[in-house]
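Written out below as structure tokens is the structure these notes cover.
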Amino acid sequence: MAVLRQNLTYSLRRLSRSPGLVFAVILSIGLGIAANSTIFSLVSRFVLRPAPVGDPGTLMALHTTYEGDRCCNNFPWPVYTDVRDQTRSFSGVAAYYELLPASIGGTGEPERVWGQSATSNFFDVSQIRMYLGRGFLASEERLPVIVLSHRLWQRRFASDPAILGKAIPLSGHMFTVVGVAPPGFRGLDLILDPEFWVPLGNVEQLAPNIPTRSARDFNWLAVAARLKPGVTQSQAAAELATLAQRLAKTYPGTDKGRGFFMDQAGSLPPRDKSAVLLFIAALSVVVLLVLGIACANVANLLLGQSASRQREMAVRMALGATRRQLLGQMLTESSLLALAGGLFGTLLTLWATSALSAFRIPAPVPLDTTVSLDWRVLLYTFILSVGTGLLFGFGPAWIASRPILASALKGEDGFVRPGRRLNLRNVLVVTQIVMSLVLLCATGLFLRSLERAVGIDIGFRSRDVLMLSVDPRVHGYTPEHTTQFLEQLRERVAAIPGVLSVAATDSAPLSGGNRSDGFHAETSKPNDPYPIVDLYMATPGYFESMGIPRLAGRDFNHDAVNTNRVGIVNRAFAEHFFGRENPIGRRVTGGGVTYEIIGVVENIKSRTLGEDTRYVLFRSLAQSTGSDPSFLGYQLVVHFQGNSAGIAAAVRSRVRDLDPAMAVYNAETMQEHLRQALFLPRLAGTLFGIFGFVGLALAAIGLYGVISYSVSRRTREIGIRIALGAQLSAVRQLILRQGMLLTLIAIAIGLPAAFALAGVLSSFLYGIRPHDTMTFTIVPLFLAAVALVACWVPALRATRVDPQSALRYE
């Protein structure tokens with residue numbers, strides 16, 4: 001302990017004399033650690049963090065599986081009751097409807113909120129301790145009671161401590177508040193963000209399209225189960241497998257081939273786990289490259305400092321210091337620097353996670369993707385700081401503890417042994433440039449992808465379009481009343497000054513909320529495949545409002561519900577099914593419904609910007625609200641001129657005039673909507689851009705340090721060359737040649753590695769090939785230019801050496 005205290009005291013005193021070195025090291029390491037800690041915050045949030053429940057290790061999420069189907073599905077009600085009543089491995093089995101839209105009233109304007117409808121034992125199985133009140137009682141399975149989330153209680157009800165027992169309007173029905181959930185509790189799903197819970201017995205009242213509970217072939221319930229004390233997951237899985245076999249024999253028509261899958265509640269959804277983990281793994285590799293560049297940069301700085309301490313080390317060894325003591329002293333210094341860099345990196349991580357949380361995944365349902373600094377991230381940062389200190393400090397410490405005493409005591413280079421050259425600095429700088437090249441190529445690919453994505457022809461108007469959503473369905477509107485409400489709203493909005501046209505739809509393109517079905521034409525052969533067709537609902541005026549060109553046929557009119565279904569298809573649909581024949585009047589069938597084609601419109605981007613052209617069929621909204629109601633409500637599409645905020649306020653006023661309890665939500669312009677559609681390329685471009693240019697800056701500093709060190713060690717040689725008549729341009733070329741040779745070696749090594757990484761990133765790119773010629777041409781040239789600038793300054797300094805001073809240089 002005394003030795004450690006002595007080393008710490010000496011290290012602090014020694015570092016205080018080199019503030020420039022300390023600043024450079026802390027900055028470099030802080031950037032590298034901040035990048036890694038930020039990405040690890042994603043790992044902590046989406047992989048390591050347990051569900052916010054009591055004893056999360058025994059709370060399981062159950063899923064159903066089918067032969068030939070990828071895992072995993074929800075439960076039909078009868079299958080849930082079979083598991084609940086016929087298993088002995090669980091102390092409780094709860095079910096819940098994952099997302100239930102509603103309009104909540106009270107003070108202020110009605111607000112669109114999403115909640116869950118759960119069995120009465122939901123909170124008991126989850127072992128949640130309420131912030132206020134209680135969960136549901138068994139006798140309240142069908143009573144109008146509600147539990148509010150802590151956020152909704154604070155935002156909507158101003159943290160009213162007397163909220164318990166009050167009745168609040170929810171989609172036109174009064175519900176009595178019995179509890180407020182604890183802060184941070186967002187249900188048992190990892191990223192869904194419900195804000196209230198009502199008993200499952202009310203789900204038919206709030207979501208009238210729920211199937212009958214006797215149906216064994218409709219998966220609509222999520223299920224969670226608590227393992228009994230002493231029961232393992234494998235034992236519970238074996239019991240579920242036995243139950244599946246029994247149900248298959250009892251109900252062969254619906255349950256044959258059905259199985260069960262079980263994993264930890266609150267973990268990544270099984271269907272999405274591999275994609276999310278792949279994305280996080282790719283980011284982890286990138287930030288490790290950044291940290292590697294930082295470590296190489298710092299190691300170079302410490303090697304330069306070690307050269308100036310060679311006489312000190314030789315003197316200490318001559319006085320009896322052991323090599324182990326010298327190593328311990330220098331590693332203490334590097335560890336202190338790394339811990340200081342870790343502290344700086346932690347501060348940067350706080351800012352970075354806040355910025356990362358500002359990105360919103362474009363989804364039709366509420367998601368919670370916020371990340372923050374928790375104890376796991378702090379522990380990781382500390383371990384990474386200590387490990388980094390040992391990593392970048394060991395090489396310089398090892399070399400510094402092995403001076404050639406005779407040379408060092410005379411002031412000569414005590415690190416270079418006869419017949420050998422000290423080339424570790426060169427290896428480090430080549431490594432830095434290689435990693436920077438890989439990062440910059442990835443950055444270039446994502447920036448090029450973003451550029452292409454912005455320029456993609458989406459097929460519809462991108463400006464002067466406002467979209468607002470309403471959901472009459474949650475207020476108990478019948479299909480006929482819904483159609484009437486939307487028609488009246490369209491008429492009133494059309495009269496607003498500045499509105500050019502207005503229509504309604506169930507989902508805007510690039511929203512991800514539309515339906516799709518397999519379709520065939522009346523002329524299709526029995527064995528022909530059924531291509532998947534995206535389905536949208538639309539009212540008259542939709543194509544005019546969206547700016548989608550109509551190529552043939554007519555628009556929707558007020559098509560009667562009891563007449564033949566009509567549809568308008570895009571050009572790709574018409575060409576696929578009918579070739580060059582006229583599609584107007586022809587019939588196509590999908591999802592058990594036959595449509596008569598009345599028009600053809602131009603192709604649009606339907607789901608993602610990078611997709612190949614998809615087949616699209618637009619249905620008459622008036623004919624679809626009853627048989628195929630929209631789960632996400634209906635969007636009003638307003639083509640306007642002038643100020644969007646003023647138009648939005650006027651539309652809200654018209655909605656209140658028709659129904660004061662109706663919530664207006666998801667108000668956005670088409671430009672805002674398209675920015676959300678660019679979420680993935682923007683996020684990837686931002687992250688890789690930051691990491692790439694940080695790596696480039698560190699690599700340039702490292703190359704500058706190597707050449708500067710070389711110039712300082714060759715001062716006498718340069719002076720002699722100049723004294724003997726060497727041209728200054730020749731001296732510059734001598735110095736530049738060394739740096740550019742290192743750069744060319746690094747580019748030759750880095751390009752194959754960048755090619756390999758590009759292949760992995762191909763699924764995240766829009767409109768370009770992973771081995772994009774422009775990217776892989778410009779990036780090496782840009783890197784070489786930066787390297788040239790980094791080498792030019794030391795080369796210029798070398799030409800200013802005074803021969804007389806150089807000949808006296810020690």
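The values are calculated or read from the model by the stated rules, or taken from the named source; none is laboratory data. This is a predicted model, so every value here is computed, not measured. Positions of Cβ are generated from backbone atoms using ideal geometry, with glycine treated the same way; all protein chains shown enter the neighbour counts. The protein model used for the area step is the full one, side chains on, heavy atoms only, and it has no ligands, DNA or RNA in it. Shrake-Rupley method; radii C 1.70, N 1.55, O 1.52, S 1.80 Å.
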Counting only strands (runs of 3 or more DSSP E) wholly inside the stretch 511-601, the ones holding at least 2 residues that are hydrophobic (A, V, I, L, M, F, W, C) are 515-521, 532-538, 550-553, 566-570, 593-601
Ile361: passes all of (1) modelled with pLDDT under 85; (2) buried (at least 18 other Cβ atoms within 10 Å of the Cβ); (3) hydrophobic (A, V, I, L, M, F, W, C); (4) not in a helix (DSSP H, G or I) but (2)
Residues of the stretch 158-176 being surrounded by 22 or more Cβ atoms within 10 Å (Cβ to Cβ) and either part of a strand (DSSP E or B) or not hydroxyl-bearing (Ser, Thr, Tyr) (or both), in sequence order, are Leu170, Phe175
Checked the stretch 470-493 for anything within 20 Å of His173 (Cβ to Cβ), in a helix (DSSP H, G or I) and in contact with a helix residue (DSSP H, G or I) (Cβ under 8 Å, 6 or more places away or on another chain); matches are Pro472, Arg473, Val474, His481, Thr482, Phe485
With the condition kept exactly as written, say whether any residue in the stretch 237-245 is surrounded by 15 or more Cβ atoms within 10 Å (Cβ to Cβ) and more than 22 Å from Pro270 (Cα to Cα). no
Checklist entry - Any residue at all in the stretch 252-266 that is crowded, with 18+ Cβ neighbours inside 10 Å and charged (D, E, K, R)? => result yes
Going through the stretch 256-288 in order, the residues found to be in contact (Cβ under 8 Å) with a residue 40 or more places away in the chain and more than 20 Å from the chain's Cα centre (by Cα) are Gly257, Arg258, Gly259, Phe260, Phe261, Met262, Asp263, Gln264, Ala265
Residues in the stretch 721-733 that are of a type outside the set (S, T, N, Q), assigned to a helix (DSSP H, G or I) and open to solvent by 70 Å² or more (accessible area, probe 1.4 Å) total 2
Would you confirm whether or not the stretch 593-609 contains a residue that is within 23 Å of Leu99 (Cβ to Cβ), within 33 Å of the chain's Cα centre (by Cα), among the charged types (D, E, K, R) and open to solvent by 10 Å² or more (accessible area, probe 1.4 Å)? yes
Check: What do you reckon, is Ala51 over 30 Å from Ser214 (Cβ atoms) and either among the hydrophobic types (A, V, I, L, M, F, W, C) or outside any strand (DSSP E or B) (or both)?
Finding: yes
By residue number, the members of the stretch 752-775 that are modelled with pLDDT of 85 or more and buried (at least 17 other Cβ atoms within 10 Å of the Cβ) are Ala754, Asp772, Thr775
Taking the stretch 525-554 and keeping only residues that are among the acidic types (Asp, Glu) and open to solvent by less than 10 Å² (accessible area, probe 1.4 Å), one is left with Asp534
Exercise. If you check Leu736 against the conditions, is it open to solvent by 50 Å² or more (accessible area, probe 1.4 Å), of a type in the set (A, V, I, L, M, F, W, C) and closer than 14 Å to Leu788 by Cα?
Worked result: no
- Task: Would you be able to say whether some residue in the stretch 529-541 is at pLDDT 90 or above, under 26 Å from Trp220 (Cα atoms) and charged (D, E, K, R)?
- Result: yes
Among helices (runs of 4 or more DSSP H) entirely within the stretch 620-680, at least 2 residues that are without any contact (Cβ under 8 Å) to a residue 40 or more places away in the chain and open to solvent by 30 Å² or more (accessible area, probe 1.4 Å) occur in 644-658, 670-677
Checklist entry - So is Ile496 of a type in the set (Val, Ile, Thr) and either in a strand (DSSP E or B) or within 30 Å of Leu680 (Cβ to Cβ) (or both) or not? => result no
Does the stretch 206-227 contain any residue that is among the basic types (Lys, Arg), at pLDDT 90 or above and crowded, with 22+ Cβ neighbours inside 10 Å? yes
